[in-house]
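K.L.:
My questions will all concern the structure given below.
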Amino acid sequence: MMRVWILPAILLLCGSVIAVGQLFRGNPVAAVVLLLLFVLLAAATSPLIFPRSIGAQEAERRSAADGRPIVFWRPGCTFCVRLRIRLGSRARQLHWVNIWRDPAGAAVVRSANDGNETVPTILVAGTPHVNPDPAWVREQLASSA
């Protein structure tokens, strides 16, 4: 649970140290800008921007009922963040499984990726797709609705 917050915490710590250094050098504007940049990076790499994760079994049950794709992700993954941001509000229509919290989800990802935990892996109608283009994912959402 705690390892999902390591990268955001490091980013906040580094940003704070750099901002304080800028303040001591007499650059308050640079300090504020840099601190804001690091806060945004920390937020983007945190699990806060992702919809609430569910377990792999629950996601498979829900996907079978409503036909929506399942996204297997992990915090700190830049490709997962890119997918999440590019999907915008439509991301909430997907079923999200954090593989660091769900061993069954991690097993699904490893079985689809030759033993590697490569994310994001999207399961559409039982077929895995590794790091797909966000436009393609939007198309899959439109066809499942």
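The values are calculated or read from the model by the stated rules, or taken from the named source; none is laboratory data. This structure is a prediction, so every number in the text was calculated from the model and none was measured. Glycine also receives a Cβ, built like all others from the backbone with ideal geometry; neighbour counts cover every protein chain displayed.
K.L.:
Have a look at GLY76, GLY55, GLY88 and point out the one that is of a type outside the set (Phe, Trp, Tyr) and more than 22 Å from PRO8 (Cβ to Cβ).
P.N.:
After applying the criteria, what remains is GLY55.
K.L.:
Just to check your reading of the model, which residue among SER89, SER16 is assigned by TED's automatic domain parsing to the domain that holds ALA125, part of a helix (DSSP H, G or I) and over 16 Å from VAL119 (Cα atoms)?
P.N.:
Every option except SER89 fails the conditions.
K.L.:
Of the residues in region 65-76, how many are surrounded by fewer than 20 Cβ atoms within 10 Å (Cβ to Cβ) and either under 20 Å from VAL130 (Cα atoms) or acidic (Asp, Glu) (or both)?
P.N.:
4
K.L.:
Quick check on LEU35: is it in contact (Cβ under 8 Å) with a residue 12 or more places away in the chain, touching a Gly at 6+ places or on another chain (Cβ under 6 Å) and not assigned by TED's automatic domain parsing to the domain that holds ILE85?
P.N.:
Answer is yes for this residue.
K.L.:
Could you list all residues from region 113-145 that are in a helix (DSSP H, G or I), under 14 Å from ARG82 (Cα atoms) and not charged (D, E, K, R)?
P.N.:
Scanning region 113-145 gives PRO134, ALA135, TRP136, VAL137.
K.L.:
Just to verify a result, which residue in region 90-107, among those that are surrounded by fewer than 16 Cβ atoms within 10 Å (Cβ to Cβ) and out of contact with any Leu (no Cβ under 9 Å at 6 or more places or on another chain), is nearest to PRO132 (Cα to Cα)?
P.N.:
Filtering region 90-107 for residues that are surrounded by fewer than 16 Cβ atoms within 10 Å (Cβ to Cβ) and out of contact with any Leu (no Cβ under 9 Å at 6 or more places or on another chain), the one nearest to PRO132 (Cα to Cα) comes out as ARG92.
K.L.:
Let me ask something additional. Can you say whether GLN57 is surrounded by fewer than 20 Cβ atoms within 10 Å (Cβ to Cβ) and not assigned by TED's automatic domain parsing to the domain that holds ALA135, as far as the supplied structure shows?
P.N.:
Taking the combined requirement at face value, the residue does not satisfy it.
K.L.:
A further question follows. Answer yes if at least one residue in region 93-112 is farther than 12 Å from TRP73 by Cβ, in a helix (DSSP H, G or I), in the same structural domain as GLU60 (by TED's automatic domain parsing) and at pLDDT below 90, and no otherwise.
P.N.:
Within region 93-112, one or more residues are farther than 12 Å from TRP73 by Cβ, in a helix (DSSP H, G or I), in the same structural domain as GLU60 (by TED's automatic domain parsing) and at pLDDT below 90.
K.L.:
Regarding ALA43, is this residue of a type outside the set (Phe, Trp, Tyr), assigned to a helix (DSSP H, G or I) and under 14 Å from ARG101 (Cβ atoms)?
P.N.:
No; evaluated as a whole, the condition is false for this residue.
K.L.:
Given the condition at positive phi and over 16 Å from the mean Cα position of the chain (by Cα), answer yes or no: does some residue in region 11-25 qualify?
P.N.:
no
K.L.:
Filter region 30-50 down to residues that are closer than 15 Å to VAL4 by Cα and buried (at least 16 other Cβ atoms within 10 Å of the Cβ), then give me how many there are.
P.N.:
Residues flagged as closer than 15 Å to VAL4 by Cα and buried (at least 16 other Cβ atoms within 10 Å of the Cβ) within region 30-50 amount to 7.
K.L.:
I would also like to ask the following. Pick from LEU141, LEU87: which is touching a Leu at 6+ places or on another chain (Cβ under 9 Å), surrounded by fewer than 21 Cβ atoms within 10 Å (Cβ to Cβ) and under 25 Å from TRP5 (Cβ atoms)?
P.N.:
Only one candidate qualifies: LEU87.
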